[in-house]
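A quick write-up on the structure given underneath.
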Amino acid sequence: MYQYTEFDKQFVRARAAQFRDQLDRNLAGKLSDDEFRPLRLQNGWYVQRHAPMLRVAVPYGELSSVQLRQLAKISREYDRSYAHFTTRQNLQYNWIPLTKSADVMDQLAAVNMHGIQTSGNCIRNITSDALVGVAADEIIDARPYCEVIRQWSTLHPEFAFLPRKFKIAVNGAKEDRAATYWHDIGLHLRFNDAGEVGFKVLVGGGMGRTPITASVISEFIPWQQILIYIEAIVRVYNRYGRRDNMYKARIKILVKAEGQKFFDQVEEEFKQILTRDVDGASHTIPQSELDRVSASFVQPAGVVAHDAAGNGAPADVPVAFTKWLERNTHAHKVKGYKAVTLSLKRVGLPPGDATDDQMDKAAGLADQFSQGELRVTHDQNLLLPWVREEDLYALWEAAKAATFAAPNIGLLSDMIACPGGDFCALANARSIPIANELIERYQDLDELYDIGDIDLHISGCINSCGHHHSGHIGILGVDKDGTEWYQVTLGGSDGSSHAPVSAVGKVIGPSFAADEVTDVIEAVIETYRGQRAANEKFIDTVTRVGLDPFKTAANAVRRSTAKKAA
């Protein structure tokens with residue numbers, strides 16, 4: 001993990017002190033709510049439906065056990081003893097009083113954490129593959145580059161007030177597990193024919209009202225120049241992006257409208273920075289700086305490649321352990337090790353939620369089995385990156401006791417869901433009850449394994465925090481005259497190995513009432529089971545047979561909306 005220097009620590013503490021001053025002035029009436037709003041937003045503080053919400057940055061998903069224990073402590077002392085892990089590898093609290101917000105910022109700063117730029121019209125948290133640094137298919141470790149981009153973009157004075165929020169994802173593996181085509185900028189680390197390291201650059205992806213997958217703007221930018229190229233993209237966006245309509249303000253709209261003209265302007269801006277800007281070339285990353293940052297991402301001293309002597313299981317191996325090995329453990333770049341996902345998808349808690357006790361237990365598992373390190377995944381789970389194969393059975397037993405051992409990773413119940421209308425002021429409908437109903441209905445492991453790999457994503461509104469557009473099955477909450485309705489889409493993809501080409505899901509008909517949704521999903525699943533070829537995944541069956549059989553099955557289970565649909 002990146003080791004904060006004394007400068008880094010002072011920077012985060014100074015930011016917390018600055019926020020305290022801003023809060024004090026706001027509470028004293030010396031700084032109006034309108035003036036305070038952009039300041040609190042760029043420190044991660046929203047005002048939601050019932051209470052303030054804080055979004056804490058977890059850059060590229062890396063988290064230490066010390067930090068996780070502090071997050072648990074904050075949830076216990078300032079919130080309601082739980083927190084929510086998001087699709088962008090952040091953590092959110094939903095009930096912290098704004099009067100206590102500066103105290104919380106100090107608590108975060110004490111463990112080198114913050115909410116800087118987790119909101120606002122700026123460059124947000126830099127994300128990556130949760131397996132970054134340990135994936136068996138990794139080409140280049142993306143973490144040093146993520147960290148350099150994070151440091152460069154943090155409080156960047158030119159990009160503090162962009163037309164709209166801006167998100168960057170970086171991938172260094174063969175498989176795209178970072179959903180890069182769904183970001184404002186997606187970066188793929190690669191080697192060129194000369195063996196030099198650089199980036200394939202994508203631009204203009206995003207969800208929301210106008211879902212668009214990104215376009216390739218450059219096949220190769222040398223790593224030394226990537227900050228300058230990002231700067232060129234964001235400058236052109238900052239100059240020409242719309243500010244008159246927030247729904248048309250994202251870079252995806254500009255890229256779609258301008259096409260090649262946008263690309264040409266970026267290339268021209270890139271050249272101008274290098275040749276004409278005062279000190280423009282100083283943003284070229286020197287080898288010494290990359291080496292400095294990379295030194296934090298070396299293999300932990302306790303990790304030693306070896307021939308594993310089994311997995312610690314008894315002779316009579318439990319079936320549940322075998323299933324867990326299949327679903328929750330992942331190939332590792334270091335011989336004798338596995339990466340292990342701790343599932344946060346279980347009956348009784350919303351997807352991605354963890355109580356203070358569970359966070360403490362996850363920190364303990366990290367200390368015992370994973371060199372004190374964890375990752376937050378895009379799919380709202382936690383991951384242990386450094387597990388010895390010999391310890392897998394002991395870890396499984398400990399994870400089972402802590403409610404983390406559901407062997408469902410990549411299956412239907414391993415769904416993504418935003419907090420929805422239970423918390424979010426923007427939401428049109430609730431996500432959590434729908435998610436809970438589906439998790440409860442699909443508890444039979446044999447049935448889940450028969451259904452196989454499937455991504456189900458739920459959003460409470462068109463802002464798409466639950467990434468419904470990229471779900472093989474997507475569920476979108478909509479409001480009709482104060483009533484919760486839900487639109488269902490099929491065939492979306494985030495670009496991972498399930499369906500390597502990123503795609504936008506297609507709507508299968510008029511919206512459904514809340515009490516119909518679970519039956520609709522079951523009808524869709526049963527249609528797949530009836531239509532699939534041997535060993536065919538859900539997404540492949542949808543692509544092959546088209547939407548009509550699924551539409552017919554979904555409409556057949558309408559009750560409340562039967563007349564509306566007719």
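Of VAL504, VAL488, VAL542, VAL520, which residue is within 26 Å of PHE85 (Cβ to Cβ), buried (at least 22 other Cβ atoms within 10 Å of the Cβ), at pLDDT 95 or above and not basic (Lys, Arg)? Quick ask: steps written out before the conclusion?
Values: VAL504 fails: buried (at least 22 other Cβ atoms within 10 Å of the Cβ); VAL542 fails: within 26 Å of PHE85 (Cβ to Cβ); VAL520 fails: within 26 Å of PHE85 (Cβ to Cβ).
Exactly one residue qualifies, and that residue is VAL488.
ILE168: open to solvent by less than 30 Å² (accessible area, probe 1.4 Å) and either within 16 Å of PHE199 (Cα to Cα) or in contact with a Gly (Cβ under 6 Å, 6 or more places away or on another chain) (or both), yes or no?
Working: open to solvent by less than 30 Å² (accessible area, probe 1.4 Å): yes; either within 16 Å of PHE199 (Cα to Cα) or in contact with a Gly (Cβ under 6 Å, 6 or more places away or on another chain) (or both): yes.
So ILE168 fits the description; yes.
Checking the conditions here, which among ALA281, ALA308, ALA301, ALA320 is over 30 Å from GLN371 (Cβ atoms), over 26 Å from the mean Cα position of the chain (by Cα) and among the small types (Gly, Ala, Ser)?
Values: ALA308 fails: over 30 Å from GLN371 (Cβ atoms); ALA301 fails: over 30 Å from GLN371 (Cβ atoms); ALA320 fails: over 30 Å from GLN371 (Cβ atoms).
From the options ALA281, ALA308, ALA301, ALA320, the qualifying one is ALA281.
Could you give me the residue pairs with C-beta distances under 6 Å whose first residue belongs to the range 39-54 and is among the hydrophobic types (A, V, I, L, M, F, W, C), whose second residue is open to solvent by 30 Å² or more (accessible area, probe 1.4 Å) wherever it lies, and which are 6+ apart or on separate chains?
Matching pairs, first to second residue: ALA51/TRP95; MET53/TYR46.
Where the second residue is open to solvent by 50 Å² or more (accessible area, probe 1.4 Å) and not in a loop (DSSP other than H, G, I, E, B) and the first is farther than 12 Å from LEU392 by Cα and lies in the range 299-328, which pairs have Cβ atoms under 7 Å and are six or more apart or on separate chains?
Sorted first by the residue in the range 299-328, then by its partner, the pairs are LYS323/LEU445.
Which residues, counting only those in the range 266-293, are open to solvent by 40 Å² or more (accessible area, probe 1.4 Å) and small (Gly, Ala, Ser)? If you could, list the steps in order and put the result at the bottom.
Pass one, the range 266-293, residues open to solvent by 40 Å² or more (accessible area, probe 1.4 Å): 267-268, 271-272, 274-279, 281-284, 286-289, 291-292.
Answer for the range 266-293, where residues must be open to solvent by 40 Å² or more (accessible area, probe 1.4 Å) and small (Gly, Ala, Ser): ALA281, SER282, SER288.
I'm checking my understanding of the structure. Among residues of the range 456-479 that are open to solvent by 20 Å² or more (accessible area, probe 1.4 Å) and either closer than 12 Å to ALA417 by Cβ or among the β-branched types (Val, Ile, Thr) (or both), which one is farthest from the chain's Cα centre (by Cα)?
VAL478
Just checking, which of VAL319, VAL334 is at pLDDT 95 or above and farther than 30 Å from GLY471 by Cα?
Details: VAL319 fails: farther than 30 Å from GLY471 by Cα.
So the residue among VAL319, VAL334 that is at pLDDT 95 or above and farther than 30 Å from GLY471 by Cα is VAL334.
Keeping to the range 30-64, report how many residues are of a type in the set (A, V, I, L, M, F, W, C) and in contact with an Asp or Glu (Cβ under 7 Å, 6 or more places away or on another chain).
Of the residues in the range 30-64, 0 are of a type in the set (A, V, I, L, M, F, W, C) and in contact with an Asp or Glu (Cβ under 7 Å, 6 or more places away or on another chain).
Suppose we filter the range 319-348 for residues that are surrounded by 14 or more Cβ atoms within 10 Å (Cβ to Cβ) and in a loop (DSSP other than H, G, I, E, B); how many remain?
Going through the range 319-348 one residue at a time, the tally reaches 7.
Could you grab the pairs with beta carbons closer than 9 Å, sequence gap of 6+ or different chains, first residue in the range 431-455 and within 11 Å of VAL347 (Cα to Cα), second one of a type in the set (Lys, Arg) and at pLDDT 95 or above?
ALA435/LYS345; ILE439/LYS345
Looking at the range 473-504, which of its residues are touching a residue at least 40 places away in the same chain (Cβ under 8 Å) and outside any strand (DSSP E or B)? Before the answer, list the steps.
If we filter the range 473-504 for residues that are touching a residue at least 40 places away in the same chain (Cβ under 8 Å), which is where we start, we get 473, 475, 477-479, 484-486, 488, 490-491, 493-500, 502-504.
Hits for the range 473-504 are GLY491, ASP494, GLY495, SER496, SER497, HIS498, ALA499, PRO500, SER502, VAL504.
Could you list, in sequence order, all residues of the range 545-566 that are part of a loop (DSSP other than H, G, I, E, B) and open to solvent by 20 Å² or more (accessible area, probe 1.4 Å)?
So the first thing to find is which residues in the range 545-566 are part of a loop (DSSP other than H, G, I, E, B), and the list is 546-547, 557-561, 566.
Of everything in the range 545-566, those that are part of a loop (DSSP other than H, G, I, E, B) and open to solvent by 20 Å² or more (accessible area, probe 1.4 Å) turn out to be GLY546, LEU547, VAL557, ARG558, ARG559, SER560, ALA566.
Looking at (1) in a loop (DSSP other than H, G, I, E, B); (2) closer than 17 Å to LEU162 by Cα; (3) in contact (Cβ under 8 Å) with a residue 40 or more places away in the chain; (4) not polar (S, T, N, Q), can you tell me which one ASP244 breaks?
Of the numbered conditions (1) in a loop (DSSP other than H, G, I, E, B); (2) closer than 17 Å to LEU162 by Cα; (3) in contact (Cβ under 8 Å) with a residue 40 or more places away in the chain; (4) not polar (S, T, N, Q), the odd one out for ASP244 is (3).
Could you tell me which numbered condition VAL104 fails, if it satisfies all but one of (1) more than 15 Å from VAL376 (Cα to Cα); (2) surrounded by fewer than 22 Cβ atoms within 10 Å (Cβ to Cβ)?
Only one criterion in (1) more than 15 Å from VAL376 (Cα to Cα); (2) surrounded by fewer than 22 Cβ atoms within 10 Å (Cβ to Cβ) is unmet by VAL104, namely (2).
Is it true that ILE253 is under 20 Å from ILE285 (Cβ atoms), part of a helix (DSSP H, G or I) and out of contact with any helix residue (DSSP H, G or I) (no Cβ under 6 Å at 6 or more places or on another chain)? Spell out the reasoning first.
Working: under 20 Å from ILE285 (Cβ atoms): no; part of a helix (DSSP H, G or I): yes; out of contact with any helix residue (DSSP H, G or I) (no Cβ under 6 Å at 6 or more places or on another chain): yes.
Answer is no for this residue.
Quick one: which of ASP264, ASP291 is more than 19 Å from ILE230 (Cβ to Cβ) and either hydrophobic (A, V, I, L, M, F, W, C) or at pLDDT 95 or above (or both)? Full working, then the answer.
Values: ASP264 fails: more than 19 Å from ILE230 (Cβ to Cβ).
Every option except ASP291 fails the conditions.
On the given criteria, is ASN428 open to solvent by 40 Å² or more (accessible area, probe 1.4 Å), part of a loop (DSSP other than H, G, I, E, B) and not hydrophobic (A, V, I, L, M, F, W, C)? Working first, answer last.
Details: open to solvent by 40 Å² or more (accessible area, probe 1.4 Å): yes; part of a loop (DSSP other than H, G, I, E, B): yes; not hydrophobic (A, V, I, L, M, F, W, C): yes.
Judged against the criteria, ASN428 is a match.
Between residues in the range 411-422 that are under 12 Å from ARG346 (Cα atoms) and residues that are assigned to a loop (DSSP other than H, G, I, E, B) and of a type in the set (Lys, Arg), which pairs lie under 6 Å by C-beta distance while being six or more apart or on different chains?
So the pair list comes out as SER413/LYS345; ASP414/LYS345.
Quick one: what pairs do we get from the range 202-215, first residue touching a residue at least 60 places away in the same chain (Cβ under 8 Å) and open to solvent by less than 30 Å² (accessible area, probe 1.4 Å), second part of a loop (DSSP other than H, G, I, E, B) and among the basic types (Lys, Arg), C-beta under 8 Å, 6+ apart or different chains?
GLY208/ARG250
Looking at (1) modelled with pLDDT of 95 or more; (2) in a helix (DSSP H, G or I); (3) of a type outside the set (Ser, Thr, Tyr); (4) more than 27 Å from GLY492 (Cα to Cα), can you tell me which one ALA281 breaks?
(1)
Mind telling me which of the residues HIS457, HIS467 ends up being out of contact with any Gly (no Cβ under 6 Å at 6 or more places or on another chain) and under 17 Å from GLN380 (Cα atoms)?
On the way: HIS457 fails: out of contact with any Gly (no Cβ under 6 Å at 6 or more places or on another chain).
Just one listed residue meets the conditions, HIS467.
Do you know which residues across the range 354-372 are open to solvent by less than 20 Å² (accessible area, probe 1.4 Å) and part of a strand (DSSP E or B)?
ALA354
Consider only pairs whose beta carbons are under 7 Å apart and that are at least six residues apart or on different chains; among these, list those whose first residue lies in the range 216-232 and is under 11 Å from ILE285 (Cβ atoms) and whose second residue is modelled with pLDDT of 95 or more and among the charged types (D, E, K, R).
PRO222/GLU196
The values are calculated or read from the model by the stated rules, or taken from the named source; none is laboratory data. The shown structure was predicted, so the numbers you read here are calculated from the model rather than taken from an experiment. Please note: Cβ atoms are built from the backbone with ideal geometry, for glycine as well, and neighbour counts cover all protein chains shown. Accessible surface areas use protein heavy atoms only, side chains included; no ligands, DNA or RNA. Shrake-Rupley method; radii C 1.70, N 1.55, O 1.52, S 1.80 Å.
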